[in-house]
Each structure stands twice: as structure tokens, then as C-alpha cells.
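The next block holds one structure in the form of C-alpha cells; read it before the comments.
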Amino acid sequence: MARWGTVSRLGFPVVLALCVAVVSVSTSAPLIAYAAAPALALAFWRNALSLAVLGPAAATRGRAQFADLVARDRRTLGVCGLSGLALAVHFGTWVPSAKLTTVATATALVCTTPIWSAMIATAQGTRLPRVTWIGITIAVVGAVLATGADFAVSGSLTGGAVLGDVLALIGGVAGAVYFALGERARTVVSTTVYSSTVYSVCALALLVVCLATGTEMVDFPAMTWLAIVGTTVFPQLLGHTMVNYSLRRVSATTVNVLLLLEVPGATLLGWLLIDQLPDARSVPGLAILTVGVAVVMIGAARASRATAIEDAAQQPTL
């Protein structure tokens, strides 16, 4: 409870950073839905422009570490590459989903990443607490209800809204794989080198797909370019930067639970910016889904605390 009940001790800068992070990531889906450009092109430019910002820092600060990876630790370099491909799948499915289904539904379904992360942890031999499985069950019920509502509206499993729901879920799975690989790579690789490498691979993979499919890449109106820059500055650079800053004082689980506010935040911005609200029939499912994801993360926090206590108990007493 200490992490939750001591907001006043965090200091104004940290509280402000968390507020900025939540608002920034909430702009992602509305800006994607607004931009009059192909989804894959949006996904490419979001990563390419982020790389343009991080690249100079990586070229100066991380050159030696990157060279060392190439020469001595190609396995970790390969993990970074796979992480970039997972990120490409994430953006390549999540961005189209925000154009096919509603902003609220796409955001809620892609935020199921903690559920898939729990599944990956189980596959790796981690024993999850019962509350985590309860949360997964709740979230699955919510996802089924929300997708069922979209099916009722479209009347087809291949309808745009249902396809968008499926793509958003795939984006959530890919996000979990991305985080799992990133956790492994970050044990030996700096933030700058890791981010630059991942964004490079992701942008290259998306560029190949865009060229192979004949996707328009540059002939967009000025307002679309403004939206593309917005997705780069707010959710990708500003949002993630503020999250990283906050993690110095706030637990990762607390931050992730707070970031679930992206669901109502994106819904509100979708209404204000593009006059879009979810179908009333999908709202109960979205609410249940969000609660389920929150329960999963609370279960993860409990498991982490139990592991820490067990490790401390096994330390020799001096």
C-alpha cells in the first residue's frame, strides 16, 4: 500500500510526469484514426521519426557499446533484432485496428498486453498466483463481450470492426513479446542503444511491407503530416519518456495500472477530436476487460513481492 498511498511524497515533478504520460499515450488512437494516410505508412513514419530523434544520441553515446555487441555478443544483438520485429508486428496490427474499429475498443484490446505477458511467464515456468488467472478470466469475458457487440453491429466476422478487434488483440500479443525480449536485452544494453536498434529494425521491416504492398508513403495533406508528427512526439517520445522518468520513484506495476487510464482517455479524446464514441453495446465489455487487466497486474505485483520476500529469506544472516 505504500506505493499507492504516498502520492504526496513523490513530489510534483513525478506526479506531473505521470499525468503527462497518461494524456500523451491517450492521443495515439485518436491521432491514428484522424490521419488520412494508410495505416502501415503511419506505423513506419512513427518509428522512423522517433529514430531520427534518438539516432544522434545513439551515434555519440552508444557507438562503443553497439560495436561491442556486434563483435562479442551477437546473441543479445539478435534479441534486439527480434524485439524490433515484434514491435513491427505490434504497430503493423495496432495502427490498422484503430482505423477499423472504434478508438475505445482498439485501445482496450491492445492494452491486454499484461495478460499475454503473464501467459509468456507461465510458458517460461513462472507460477502465477490465483488472482492473476481470475483477472485473465475477467478480461477474456470482457473481450468476448466487446467483440460480440462489434459482430452484432457488423453482422459478419470479416466486418471492419471485428477485424479491427482481432488486429488489436494481435497487437497486444506482439507487445507482450516485445516487452519480454526487451527485458532480456536491457540487462546488458543501454536504453539509447536498445531503443535505437529496435526502432531501426521496426522501421525497416515496416518499410519493406509498405513497398511490397504498394502503400502510399509521402503524398499526404499537411494535416495528416501534422498527425504523424503528433503520434511521434506525444505517445512515442513524450509518453514513454515520462514513464521512464517516473519509474525512478514509482513501481512499474503502479505505472502500468495508471496507464490503463489510456482507455477512457483515448475514448474522451476520440469524442472531442473526431466525434467518435464506442457503440453503447460494447461499453460493458470494455469496462470488464479493463478491470480484468488491472486485476492481472495486481496479481503480478503480489507475485513480485512474494518472490522478493522469499529471496530475502534465503539470504544468509550475518
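Against the definition (part of a helix (DSSP H, G or I) and crowded, with 21+ Cβ neighbours inside 10 Å), how does Ala121 come out, yes or no?
Taking the combined requirement at face value, the residue does not satisfy it.
Scan the stretch 214-234 and give yes if some residue there is over 23 Å from Ser117 (Cα atoms), within 21 Å of the chain's Cα centre (by Cα), buried (at least 20 other Cβ atoms within 10 Å of the Cβ) and among the polar types (S, T, N, Q), otherwise no.
Yes, there is a match, as at least one residue in the stretch 214-234 is over 23 Å from Ser117 (Cα atoms), within 21 Å of the chain's Cα centre (by Cα), buried (at least 20 other Cβ atoms within 10 Å of the Cβ) and among the polar types (S, T, N, Q).
Out of contact with any Pro (no Cβ under 9 Å at 6 or more places or on another chain) and not in a helix (DSSP H, G or I): which single residue out of Thr137, Thr197, Thr126 fits that description?
Going through Thr137, Thr197, Thr126 in turn, just one is out of contact with any Pro (no Cβ under 9 Å at 6 or more places or on another chain) and not in a helix (DSSP H, G or I): Thr126.
Can you tell me which of Asp279, Asp219, Asp311, Asp275 is modelled with pLDDT under 70 and charged (D, E, K, R)?
Result: Asp311 is the single residue among Asp279, Asp219, Asp311, Asp275 that is modelled with pLDDT under 70 and charged (D, E, K, R).
In the stretch 25-65, how many residues are more than 20 Å from the chain's Cα centre (by Cα), within 28 Å of Val193 (Cβ to Cβ) and not in a helix (DSSP H, G or I)?
Of the residues in the stretch 25-65, 1 are more than 20 Å from the chain's Cα centre (by Cα), within 28 Å of Val193 (Cβ to Cβ) and not in a helix (DSSP H, G or I).
How many residues, within the stretch 83-96, are modelled with pLDDT of 95 or more and more than 13 Å from the chain's Cα centre (by Cα)?
The qualifying residues number 1.
The values are calculated or read from the model by the stated rules, or taken from the named source; none is laboratory data. Please read all numbers here as calculations on a predicted model, not as lab measurements. FYI the Cβ positions are ideal-geometry reconstructions off the backbone, even for glycines, and counts take in every protein chain you see.
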